[in-house]
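What follows is a set of notes on a single structure, which appears directly below.
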Amino acid sequence: MNKRSFNLMPVVILAGGMGTRLREQTEFMPKPMVPVGTKPILWHIMKIYAHYGFKRFIICLGYKGDTIKDYFLNYRFRNSDFTIDLGRHGDVVFNKTHDTDDWQVTLADTGLRSMTGSRIKQIEKYIDTDSFLLTYGDGVADIAIDKLVAFHRSHGKIATVTGVRPPSRFGELRVEKNRVVEFGEKPQIDGEMINGGFFALDCEVFDYLREDDDCTFERGPLERLAEDGQLMVYHHTGFWQCMDTLRDMDLLNRYWESGDTPWKVWE
């Protein structure tokens, strides 16, 4: 794969779920729009991919999808200083642009009740390359996307999933004779890895999917890919954090406010 075709691979982001475990925020907005700092977590995810040259995005919308559409329709206004001349038909002059993201963003309505596999199948018509990238709209990592893609190309199978070992939700105590001799805040869990998102997929994956609302990518399709010997794992041992709960949201925002942002691979 040459550099040009490498960077043309689209990034599919699943952003249509209801985010019920983060109801405090998702009652008012879709989970990918929940802010980390002053930007939605969706923006942080896109910045990770764009840093490695992947700037074509297909966002699968569902619950409160109009909020995400409005965000990108007004993206330049949100990220620029501008002057509007109300006496000249509302003419606008942009004075200073704070963000110059040269992204191409396709916003695809994939249904309110659709499961993940259905959403992916529905955007097949927008994929014009042999392979594409896929992730969820609620997780960040300091993952090297170029190395993920290189690994995917090296093994020749249909699908690659990134495996991670997430931090524990509780601090770890090392005790001697009822005395705490060491306290570790949220150590990494030992044992089996979990699905961390950040997939690389060949288009043959669409043969494993259906448009029916109940098609869940993580169940039947990924299970069959594994049974067929077509699913490989890319080991990511660095930082990874999803935003499932209010606690997760608070944690990511504390990272951002402190300036300790391991997923901020961009300048």
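Below is a table of values for the structure above.
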item	result
FRET E, pair F77, E124, Förster distance 45 Å, beta-carbon r, rounded to 0.05	0.90
Linear extension gain, F94 paired with T245, 0.36 nm per residue minus alpha-carbon span	50.6 nm
Relative contact order (%) - the chain, alpha-carbon pairs under 8 angstrom, separation at least six	24 percent
Unit charges on C-beta of K, R, D, E only; dipole of the chain, Debye	360 debye
Net charge, I158 excluded, C-beta distance under 10 Å - Lys, Arg +1, Asp, Glu -1	-3
Across K147/K264; K121/K157; K31/K264; K157/K264, pairs whose alpha-carbon gap is larger than 23 Å	K157/K264
Length added when fully stretched, E24-A226, from 0.36 nm per residue minus Cα-Cα	69.1 nm
Per-residue Cβ neighbour rank within 10 angstrom, fewest leading, C203, C60, C215, C242	C203, C242, C215, C60
Under 15 Å from K69, Cα to Cα: aspartates and glutamates that are on another chain or at least 8 residues apart	D109
Antiparallel bridges, percent of DSSP beta bridges restricted to the chain (to nearest 5)	55 percent
Mean ellipticity per residue at 222 nm, deg cm²/dmol - from DSSP H runs of n ≥ 4 across the chain, formula -39500 (n - 2.57)	-7500 deg cm²/dmol
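None of the figures in this text is laboratory data; all of them are computed from the coordinates on show. These figures come from a predicted structure and were not determined experimentally. For neighbour counting, all protein chains shown are included, and Cβ atoms are generated from backbone atoms with ideal geometry for every residue, glycine included.
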